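Values quoted throughout were computed directly from the atomic coordinates according to the rules given, and no laboratory measurement underlies them. Remember, predicted model here, so these are calculated numbers, not experimental data. FYI the Cβ positions are ideal-geometry reconstructions off the backbone, even for glycines, and counts take in every protein chain you see.
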C-alpha cells in the first residue's frame, strides 16, 4: 500500500511540474525584458522610412570622432540599419527598386565597418561614399513615389 501511495505521489508531482512548466512557457513574455522604447521601428511607409533612416545615418556620419555619444550613436545606427533591412528585404514590391538597392549598399558598408572596426572612426572616403549613396537613395525614392 505504501508503495502505491509513493508511486501515486511521484506521478502527481511530475504531472504538476509538467503543467506548471507548460503554463510558464505559454504565458511568460520571453524577450520582452529588452527595453522596447530603445528598439527602432519602421512605420511601414517605404519612402518615409528611407528618407528618415538616410537622414539619421547622415547625422551619425557627421559626428566628429571625439564626440562623447559616438558609441551610442553607432549602436543606434546599427539598430536602425537592422530594422530597415529586416523590414524591407523580403518585400518584392520594394526590394527590386533602385532606391532600396542603393540604400542597402550604403547600409551594408556602414554596418560592416561598425561591426568589424568598432573602435575605429569611419574613413573619409567611406564617409563621402555613404553620404553620396544615402543622398542618392533619398532622391530616387522621392521620384519613385
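For the chain, a Gaussian network of Cα nodes joined below 10 Å ranks 26, 61, 81 by mean-square fluctuation, and the top entry is 26. Treat each spin label as a single point 7 Å out from the Cα along the C-beta direction, and report the residue 143 to residue 20 distance in nm. Those two pseudo-labels are separated by 6.6 nm. Just 134, 25, 78 to compare: in a GNM of the chain, with alpha carbon springs under 10 Å, which one fluctuates most? Maximum fluctuation in the GNM of the chain, among the listed residues, is at 25. Packing here is the average count of other Cβ atoms within 10 Å per residue, and on that basis the peptides 45-51, 124-130, highest first, run 45-51, 124-130. Can you give the FRET efficiency for residue 131 and residue 48, using 1/(1 + (r/R0)^6), R0 = 25 Å, r = Cβ-Cβ distance, to the nearest 0.05? Taking R0 as 25 Å, the efficiency between residue 131 and residue 48 is 0.80.
Overall shape: prolate for the chain, with the ratio a/c of the largest to smallest alpha carbon gyration tensor axis at 1.5 or above and a/b above b/c. Per-residue ellipticity at 222 nm computed for the chain from its helices equals -24500 deg cm²/dmol, with DSSP H segments shorter than 4 residues left out and the rest contributing -39,500 (n - 2.57).
Can you tell me which of 117, 17, 100 moves the most in a GNM of the chain? Springs connect C-alpha atoms under 10 Å apart. Comparing 117, 17, 100 in the GNM, the peak value goes to 17.
Full-extension gain between residue 13 and residue 108, please, as 0.36 nm times their residue separation minus the C-alpha to C-alpha distance. Don't jump to the answer; show the numbers that get you there.
Numbers: separation 95, 0.36 × 95 = 34.20 nm, distance 5.31 nm.
That pair, residue 13 and residue 108, stretches by 28.9 nm at full extension.
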